[in-house]
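Structure first, commentary second.
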Amino acid sequence: MTAELVRGQNHPLSQSRLEIRISAGTPVAAAAALGDENGRIHGTQWVAHPGAPVQPGLEVSRQAAADHRLAVDLDAMTDAVHRVSVLLALPAANAGAGPARFGSVAAPFVAVTGLDGTEVASYTITGLDLESAVVALELYRRQGAWKVRAVGQGYAGGLAELFADQGLSEAAQLAAGIDEAVAKGLARSVQAPPPRTPEGDRSRQAAAPAVGPDQGAAPQGAPGPVPPAYGGQPAGGQGQGGPQPAYGGATGPHAPSGGPVDYSHPRRQTSAPPPPPPAAPPAQPGQPARPVAGDATGWSMEERLYNQVWGMFEDLARTAAAYRSAVDFAESRMDKELEQALSDPRSRIGGQGDAAREAARARYTQLVDQARVSLDRDLDQLVAESEVVEPALPPAFARWDNPCWHAYRVPMEIPMALRLGDLRLPEAESIRIPMLLRLPLERGLWIDSGRTDSLDGSFTDSHDMRRLAMDTAVAHAARLLAVYPAGEFTLHVVDPAGSGAQALAPLTQTGVLAGPPAQGAAGVTEVLARLTQRVDLVQMALRGGAPDALPPGFDTSQQLLIVNDFPHGFDDRAVNQLRYLVDEGPSVGVHLMMVADREESAGYGPLLDPLWRALLRLTPVPDDHLADPWVGHAWTYEPPAVPPGSEVLRQVLTQVAEARRTWNR
């Protein structure tokens with residue numbers, strides 16, 4: 001049962017590995033400070049903050065957000081640490097933008113949970129007024145056991161006053177560094193994916209603009225897994241690897257309006273809860289619980305699986321970060337011990353120095369072995385979970401070799417997300433996390449055909465890379481066509497030199513294209529002019545508040561343009577039209593998939609750079625280019641591959657084409 005704490009109340013902790021979940025009505029910066037028996041901070045290295053998010057046993061977010069998840073491993077704390085204080089601050093308080101005091105926003109909510117998401121204790125921080133920084137709660141050691149205490153101590157002077165009160169001599173410098181790191185994060189922030197409709201209705205509304213430019217987070221939301229950011233943290237959410245929420249003041253019912261502040265928690269649901277997820281079968285005594293597909297929260301099995309996949313992404317990110325942090329700590333400790341042992345010249349001559357070196361190396365090995373045992377235990381659990389989740393995924397989330405594609409039928413509604421490939425880390429080569437991208441698309445894709453080698457050391461020449469890139473683009477496009485209802489997704493192709501004819505055969509032969517691939521400069525000009533005109537028409541209709549005033553027979557489906565062999569066949573006008581489609585198209589359902597070599601395209605210089613940065617880069621071979629700003633990992637992306645000799649892609653596209661013909665009758 002969750003203990004709902006009030007200010008000053010404490011509660012025992014029975015677990016050492018915890019998660020601190022923070023929800024606020026506005027973006028806040030989160031940090032964690034380590035203290036000794038008297039609560040004193042002994043230096044800036046005792047503080048985990050957005051500029052230095054990882055400390056031994058601690059991980060915090062790298063940027064401001066309305067929701068945070070902080071990872072804490074109490075067993076990894078050194079003996080000198082007796083207190084862990086969780087700190088919150090308003091990032092815009094010093095910038096003159098957004099709320100400057102906690103009294104003008106909804107009361108922050110903080111919860112201590114286990115790794116399985118079970119709440120241990122929670123605390124709603126009420127009673128704040130002029131404060132712009134607050135010590136939310138603290139985990140403290142008492143007689144060998146850890147407890148949590150609700151603090152709620154605010155500081156009108158912000159983080160500088162807070163750190164000074166904690167006994168830190170470099171308080172002002174550290175506060176300024178945190179402000180700078182948060183400001184950089186705000187400058188790179190992206191909006192969250194559009195909210196889901198309340199009744200689970202995920203069907204696309206005609207001519208409705210999408211909200212925000214990307215994902216993810218998460219990722220987007222991707223990996224978020226987003227990937228990462230996978231470019232970011234994955235979409236869908238709130239600490240699930242997706243994009244961070246849009247930054248700004250409080251909104252909705254919790255926004256300040258001159259009256260009293262509503263202290264109700266902004267994330268608490270007032271409607272009926274979703275049905276409970278499947279229960280795991282009872283585990284044998286002393287054994288971990290057996291995983292079950294769909295055991296995350298959600299209103300449908302699809303949403304549960306989506307949340308479970310992102311939970312697996314978070315678990316793998318955290319456990320790998322904890323292992324790397326432990327190894328770094330062991331190395332720094334060994335270096336310090338060796339430096340101390342050799343600082344005395346007398347110890348360098350006799351056997352005393354050798355003994356000290358051996359002891360330091362032995363302690364290093366012991367610490368690394370302990371960290372590896374914890375990592376292997378967590379990886380075993382993730383492998384077991386992956387083995388039950390992967391076969392249960394619906395087609396939109398599944399690999400091409402999943403048997404669910406053999407029972408494929410054209411769907412009646414749009415799914416939550418789409419699988420763009422897999423993500424993995426070097427510490428866990430056997431685990432593949434699906435990279436899910438929220439739908440509808442909120443940014444285009446760049447399939448990079450310019451790499452000449454792969455992570456396994458095999459050599460790939462430029463001709464093979466271009467072929468692989470087009471195969472990858474076709475696989476992505478086929479999946480998009482497959483997950484949309486009939487008539488809800490239209491595909492165009494620009495292939496100026498006709499070099500992609502072989503790779504495009506599954507699309508052209510099954511008849512799923514809106515028209516033959518456009519070739520030559522004239523074909524490029526015609527397609528780009530038609531799509532830019534479409535964007536202009538829809539934007540004018542929306543701005544005028546008359547979406548029904550579009551021309552009769554206007555196609556309101558989502559549009560995707562595949563561009564092959566860029567920049568061949570493109571002049572400056574065509575490049576500007578591409579940039580226009582990238583910037584303005586997603587909000588009205590027009591998306592771009594570029595298949596190009598970044599180096600070959602560099603000749604356009606500043607004209608092309610914004611186009612490159614606006615697209616999510618994917619590769620046709622495994623590559624570790626996707627950055628995760630949440631914990632700083634570089635995730636290895638593996639593109640979706642159709643099994644050799646399989647006809648599943650053509651079979652799926654044939655059904656899509658037949659459903660489209662039936663729908664058009």
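The values are calculated or read from the model by the stated rules, or taken from the named source; none is laboratory data. What you see is a predicted model; the values in this text were computed from it and never measured. All Cβ positions, glycine included, derive from the backbone under ideal geometry; neighbour counts span all protein chains shown. Side chains are part of the model used for accessible areas, which takes the heavy atoms of the whole protein and leaves out ligands, DNA and RNA. Shrake-Rupley method; radii C 1.70, N 1.55, O 1.52, S 1.80 Å.
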For the range 626-665: rounded, prolate or oblate by the Cα gyration tensor [a/c cutoff 1.5]: oblate
Taking a ≥ b ≥ c as the square roots of the Cα gyration tensor eigenvalues, with a/c under 1.5 meaning rounded and otherwise prolate when a/b beats b/c, else oblate, which class fits the range 1-50? oblate
Simple label model, 7 Å out from Cα along Cβ direction - GLN45 to PHE554, nm: 6.3 nm
Would you mind getting me the FRET efficiency between ARG530 and LEU342? Use the beta-carbon distance for r and R0 = 45 Å, nearest 0.05. 0.05
In debye, nearest 20, what is the charge dipole magnitude of the range 14-110 about its Cα centre with +1 on Lys and Arg Cβ and -1 on Asp and Glu Cβ, if you could check? 360 debye
Could you give each residue of the range 526-537 its phi-based ³J(HN,Hα) in whole Hz, using Karplus coefficients 6.51, -1.76, 1.60 with θ = phi - 60°, and x for Gly or Pro? 5, 5, 5, 5, 5, 6, 5, 5, 4, 4, 4, 4
Near ALA89, within a Cβ-to-Cβ distance under 15 Å, what is the net charge of the other residues, with Lys and Arg +1 and Asp and Glu -1? -3
Scoring only Lys, Arg, Asp and Glu (+1, +1, -1, -1) among other residues with Cβ under 12 Å from the Cβ of ARG40 yields -2
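For the pair ALA634 and GLU413, what calculated FRET efficiency results from E = 1/(1 + (r/R0)^6), where r is the Cβ-Cβ distance and R0 = 45 Å, to the nearest 0.05?
Computed FRET efficiency for GLU413 and ALA634 comes out at 0.80.
Could you look at the range 35-185 and say what percent of its accessible area is carbon and sulfur, using a 1.4 Å probe and all protein chains?
45 percent
Net charge near ARG21: determine it from the other residues with C-beta under 9 Å of the C-beta of ARG21, scoring Lys and Arg +1 and Asp and Glu -1.
Numbers: positive: ARG69; negative: GLU19, ASP67, GLU119.
After counting each charged neighbour, the total is -2.
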Please say if the range 339-436 is rounded, prolate or oblate, where rounded means a/c under 1.5 for a ≥ b ≥ c the square roots of the C-alpha gyration tensor eigenvalues, and otherwise the choice is prolate for a/b larger than b/c and oblate otherwise? prolate
I need the calculated FRET efficiency for the pair GLN502 and ASP609, taking r as the beta carbon distance and R₀ as 51 Å, to the nearest 0.05. 0.95
Quick one: accessible area per residue over the range 68-155, 1.4 Å probe, rounded to a whole number of Å²? 35 Å²
GluC sites (Glu not before Pro) restricted to the range 572-665 and DSSP loop, no more than 12 other C-beta within 10 Å: GLU647
Once phi is turned into θ = phi - 60°, what whole-Hz ³J(HN,Hα) does the Karplus curve with 6.51, -1.76 and 1.60 give for every residue of the range 469-480, x standing for Gly and Pro? 5, 5, 4, 5, 4, 5, 5, 5, 5, 4, 5, 4
Report the relative contact order of the range 337-438, percent, no decimals, based on alpha-carbon pairs under 8 angstrom and at least 6 residues apart. 18 percent
